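Reviewing the structure listed below.
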Amino acid sequence: MSAQPETHSTAFQTYQDLLAAIAPAGESRPIKDPATGEVVAEAPVHTAADLDAAVAAARAAQPEWAALGHEKRSEYLNQAADAIEASAEALAELLSREQGKPLNGPNARFEVGACAAWLRATASFVLEPEVVVDDGESHAEVHYRPLGVVGAIGPWNWPMMISVWQLAPSLRMGNTVVMKPSEYTPLSVLALAAVINQALPADLLHVVSGGREVGEALASHPEIDKVMFTGSTATGKAIIRSSADTVKRLTLELGGNDAGIVLEDADPKAIAQDLFWGAFINTGQTCAALKRLYVHDSLYDQVCEELVQVAQNMPMGVGLDENNVLGPLQNKAQFDIVADLVQKAKDSGAKVLTGGNPESGQPGYFYPTTLVAEIDNDNPLVAQEQFGPALPIIRYNTVDEAVEMANGLDVGLGASVWSSDPAKAREVAARIEAGTVWINKHGAVDPRVPFGGAKQSGYGLEFGVAGLKALGTPQVISQ
Ligand code: NAD
């Protein structure tokens, strides 16, 4: 391992160049474009034996990497960011083809940009030992030592960005990493790792592209010290169980069903665009997206009208078409969940303001942008995580009633309060059971600001210095 980072990165010009670099040597399976049904490429089918080999290589490389120290490791992270920027368009094209999200809007190019930005931010944080007692008699300080090998299991909605959220703080803290991407989006993560690995010493970052059985093997693996998991609450619970025997450290970023509360004094026209993107970013397939909107009776109709205006002007279609800002659902299972929940809402007598009728016979998993009004709080479209482009809008009369409905579920990832009075909004925010409450925005994550869930949306924090600490083992030196 070189103490002086040297860059030998190739800029990949097209997504086909990336695919050539990650072409599987052994067993493989086809990955289809969710917008067209065409095969994008073959992905490798890795097994538990491949996982063992990756973990052993990562374990062997870890001590030397840890010995480099924060400054050198941060230099490498910045060089990984350079490598991503050099291949940004090719990465965005591949992400668009495999995940479905358009190049434009807050989608594929935005996601690749965020990968580089997160690496640079993670390289920049200062983590000093904390002196907790120094009274002349005792001196105690807390250090954060590397954990060893981190296993990172990810979902299919933001496959590149979430991988970076997991690998950047892990590497920065002197750990090595074995990633297990979603079986729906392995190509994006393999390509991202191929680009990043151009800038890193060998064996720090491995990707094992298998199904849930490989995820299970990773969560129980005796040579993995910590699991970073982002995905559904059900899988998070399975990981808690399978990691128990080895007492692994866990960071769990799980499902949410974020509430937004529009207070009586909000300006419907002014907030409509931000409300829309808070709910429909990545075509609704976002963990901390607005999934239930509570609007005061006095401005309910106006908010609905403004949202319909915005929604009807947002083009949806194939991701590589520069005009589109909304794409398909990533997979058939997710399409069916959204279609079923909207159908249940219709059957209950709720009013579909726009959307709600997917075209049959088309190749992609497109579900139209859907707004559903006059819906009860206990309707499944409200109570369950739809994870797609369908937003229920619920009427309320008192703030107490809105807060009670917002807090009525067993998840609490994000939430938002919309108001022209910041002090009033903060008062309401303090009453909401969620890891983050945004005011007059929703879902705006920032690499400097800790992020994590309340209740069954998970535990542990990502981002910022708090996120670095979560990838270290605290050690007290006391004298
Ligand atoms: P998922 O839980 O189905 O799958 C996530 C990953 O876990 C995949 O790689 C899968 O192969 C693996 N896996 C499945 N079973 C496993 C097991 N028993 N042991 C170990 N690994 C296993 O989630 P998904 O459908 O890919 O993603 C959507 C969900 O993720 C939504 O609920 C969403 O809210 C959530 N999510 C949360 C965040 C967050 O930051 N909190 C971010 C994105 C997505």
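Side notes on the structure shown:
- Pairwise centroid distance, computed over Cα atoms, of segment 25-49 with segment 341-373, Å: 30 Å
- This model, with +1 at the C-beta of Lys and Arg and -1 at the C-beta of Asp and Glu, gives segment 258-446 a dipole about its Cα centre of some 320 debye.
- With the simple model of a label 7 Å out from the Cα in the direction of the Cβ, residue 446 to residue 321 spans 3.7 nm.
- Highest-first packing order for the peptide set 440-448, 121-129 is 440-448, 121-129, based on the mean count of other beta carbon atoms within 10 Å.
- Amide H contacts of residue 179: 152, 206, 207, 208, each under 5 Å away and 5 or more positions distant or on a separate chain (H built 1.01 Å from N in the peptide plane; Pro and chain starts excluded).
- Residue-wise HN-Hα coupling along segment 450-458, computed from phi with Karplus coefficients 6.51, -1.76, 1.60 (Hz; x: Gly, Pro): x, 9, x, x, 9, 6, 7, 7, x
- Once backbone amide H atoms are built at 1.01 Å from N, residue 353 has 371, 372, 373 as its partners under 5 Å, excluding neighbours fewer than 5 places away on the same chain.
- Segment 258-446: antiparallel DSSP beta bridges as a percent of all, rounded to 5: 10 percent
- Only one residue of 197, 132, 285 has its Cα farthest out toward the positive end of the dipole of the chain, where Lys and Arg carry +1 and Asp and Glu -1 on Cβ, and that residue is 197.
- When 51, 94 are sorted by how many other C-beta atoms sit within 10 angstrom of their C-beta, beginning with the fewest, the order is 51, 94.
- Stretched out straight at 0.36 nm per residue, the stretch from residue 21 to residue 397 would grow longer than its current Cα-Cα span by 129.6 nm.
- Stretch gain in nm, segment residue 10-residue 348, where the contour uses 0.36 nm per residue and the Cα spacing is subtracted: 116.1 nm
- Anchor residue 180: aspartates and glutamates whose Cα lies under 13 Å away (excluding residues fewer than 8 positions away in-chain): 50, 52, 213, 216
- Segment 273-368, relative contact order [Cα under 8 Å, separation at least 6], %: 23 percent
- Basic side chains Lys and Arg get +1 at the Cβ, acidic Asp and Glu get -1 at the Cβ, and with that the dipole of segment 206-252 about its Cα centre reaches some 200 debye.
- Estimated FRET transfer efficiency when R0 is 35 angstrom, pair residue 479-residue 56 (beta carbons, to 0.05): 0.40
- For segment 8-155, the residue among 54, 15, 106 whose Cα projects farthest onto the positive side of the dipole built from Cβ charges is 15.
- The mean sequence distance of close C-alpha pairs (under 8 Å, at least 6 residues apart), as a share of the length of the chain, puts its relative contact order at 18 percent.
- Per-residue Cβ neighbour counts within 10 Å put 290, 263 in the sequence 263, 290, beginning with the fewest.
- Dipole-positive endmost among 211, 432, 335 within the chain (Cβ charges, Cα centre): 211
- Residue 131 paired with residue 297, simple spin-label distance in nm, labels 7 Å along Cα-to-beta-carbon: 6.1 nm
- Extension gain for residue 142-residue 71 works out to 23.6 nm (0.36 nm per residue, less the C-alpha to C-alpha distance).
- Over segment 258-446 - Rg/Rh using Cα atoms and the Kirkwood inverse-distance radius: 0.95
- Shown in residue order for segment 220-225 are the 3J(HN,Hα) couplings computed by the Karplus curve 6.51 cos²θ - 1.76 cosθ + 1.60 at θ = phi - 60°: 10, 5, x, 9, 9, 8 Hz (x for Gly and Pro).
- Each Cα pair of segment 1-110 feeds into the Kirkwood radius, which the Stokes-Einstein equation turns, at 20 °C and 1.002 mPa s, into a diffusion coefficient of 130 µm²/s.
- Fewest-first ranking of 367, 459, 396, using other Cβ atoms within 10 Å as the exposure measure: 459, 396, 367
- Lys pairs, segment 258-446 - Cα-Cα below 22 angstrom, 8 or more residues apart or on other chains: 12
- Spatially, segment 59-119 and segment 413-479 are offset by 24 Å when compared through their Cα centroids.
Just so you know, all these numbers are worked out from the coordinates, no wet-lab data involved. Computed from a predicted structure; not experimentally measured. Glycine gets a Cβ as well: all are built from the backbone with ideal geometry, and neighbour counts include every protein chain shown.
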